[in-house]
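To keep things clear, I will list the structure first and then write my remarks on it.
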Amino acid sequence: MQWLSDHFLALILLAAGAATFAWLLRLRKRLQMKWYAALILSALHVLTGVLCVRVFARMEGAGAGSMSIFGAVFFMPLFYFLGAKLFRRPMAEVFDIFAIPMIFTLLCARINCLQSGCCLGLTIPHTALRWPTREAEMVFYVVFLALAAPRVWKGTAKGRIYPAYMAAYGAFRAVIECFRESSSASFLHISHIWALLSLALGLAICLEWNARRKKRKA
């Protein structure tokens, strides 16, 4: 059990990588890639995600080893964009297909928060209990995946999944952040800013997508 506790993050990232590989393997024909390319991309996807959350946490001034979910939210699209351009793959397909394993990996990251005891909720007034902020975020990911994954699987998402996720997560996090512990002395945390930025970017992209769709129909 001690070994499991010491290596929990590595094990859960390995599980995220395996799930990513299984997902990409089933949808590889839509991205025109071989099975071994799916395996390589799965490993790179997890490693890049870890790099993004750690770099963003350091940018926020957190200590070594800290992670910030917003690093993945804001930085991973850059890699998807560059990958789609470099390998000449449909942009919408790349974003839709990779959004699902990215969100699943973030779900795994929150499971790691439970095990490591970080990212706690504030103490509920007049009780010894804490607000279940980590658990609430895990439920958010499960619900979003349940709604989005079938659409990606059927090919009906048309590039809307990632901006929808940014908007939904931004709105969710802006609320739940009020119930999380923070080193900030203020009621507002720096994560409130990132949450509102995520919400604004997601909504802007969704509105632009809808405007272009209406224009094409016209």
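Across R58, R88, the residue with the most accessible area heads the list, and the full order at a 1.4 Å probe is R88, R58. Helix 35-59 and the longest principal axis of the C-alpha atoms of the chain enclose an angle of approximately 40°.
Close amide-amide hydrogen proximity is noted between R180 and L122, each under 5 Å apart and 5 or more residues distant or on a separate chain (H modeled in the peptide plane; Pro and chain starts excluded). Let a ≥ b ≥ c be the square roots of the eigenvalues of the Cα gyration tensor of the stretch 1-115; is it rounded (a/c under 1.5), or, if not, prolate (a/b larger than b/c) or oblate? Note, shape of the stretch 1-115 comes out oblate. Across the stretch 144-161, coupling constants 3J(HN,Hα) worked out from phi with the 6.51/-1.76/1.60 Karplus curve, θ = phi - 60°, read 4, 4, 5, 7, 8, 4, x, 5, 5, 4, 7, x, 9, 6, 6, x, 8, 5 Hz, and Gly and Pro carry x.
Pairs of Cα atoms under 8 Å, at least six residues apart: use those to get the relative contact order of the stretch 31-152, whole percent.
It rounds to 18 percent for the stretch 31-152.
Net charge of the neighbourhood of A99, taken over other residues with C-beta under 13 Å away and scored Lys/Arg +1, Asp/Glu -1, is +1. Other residues whose C-beta falls under 14 angstrom from the C-beta of L41 contribute a net charge of +4, scoring Lys and Arg +1 and Asp and Glu -1.
Surface listing: M91, M1 arranged by accessible area from highest to lowest gives M1, M91, probe 1.4 Å. Dividing the helix sum by the residues of the chain, where each DSSP H run of 4 or more adds -39500 (n - 2.57), gives a mean residue ellipticity at 222 nm of -25500 deg cm²/dmol.
Taking Cα atoms, how many degrees apart are the long axis of helix 91-116 and the longest axis of the chain, rounded to 10 and kept between 0 and 90? Rounded to the nearest ten degrees, it is 20.
Put simply, the amide H of R130, placed in the peptide plane, has neighbours under 5 Å in I124, leaving out anything fewer than 5 places away on its chain. Averaged over residues, the count of other Cβ atoms within 10 Å places the peptides 123-129, 42-48, 8-14 in the sequence 42-48, 8-14, 123-129, highest first.
Partners of K85 within straight-line reach, counting lysines whose Cα lies under 19 Å from its Cα and excluding those fewer than 8 residues away in the same chain: K29, K34, K158. Compute the helix-to-body angle for 190-217: its Cα long axis versus the longest principal axis of the chain, expressed 0 to 90° and rounded to tens. It works out to around 20 degrees. Averaging Cα coordinates gives a centre for the stretch 114-183 and one for the stretch 77-101; these two points are 23 Å apart. Does the stretch 68-192 come out rounded, prolate or oblate by the C-alpha gyration tensor, with a ≥ b ≥ c the root eigenvalues, rounded set by a/c under 1.5 and, if not, prolate when a/b is larger than b/c and oblate if not? Prolate. Rounded if a/c is under 1.5, else prolate if a/b beats b/c, else oblate: with a ≥ b ≥ c from the C-alpha gyration tensor eigenvalues square-rooted, which is the chain? Oblate shape, in that a/c is at least 1.5 and b/c is the bigger or equal ratio.
The listed peptides 94-104, 145-155, ordered by packing as a protection proxy, come out as 94-104, 145-155 (highest mean of other Cβ atoms within 10 Å first).
The values are calculated or read from the model by the stated rules, or taken from the named source; none is laboratory data. Just so it is clear, the structure is predicted and the values come from calculations on it, not from any experiment. Glycine gets a Cβ as well: all are built from the backbone with ideal geometry, and neighbour counts include every protein chain shown. Heavy atoms of the whole protein, side chains included, go into the accessibility calculation; ligands, DNA and RNA do not. Shrake-Rupley method; radii C 1.70, N 1.55, O 1.52, S 1.80 Å.
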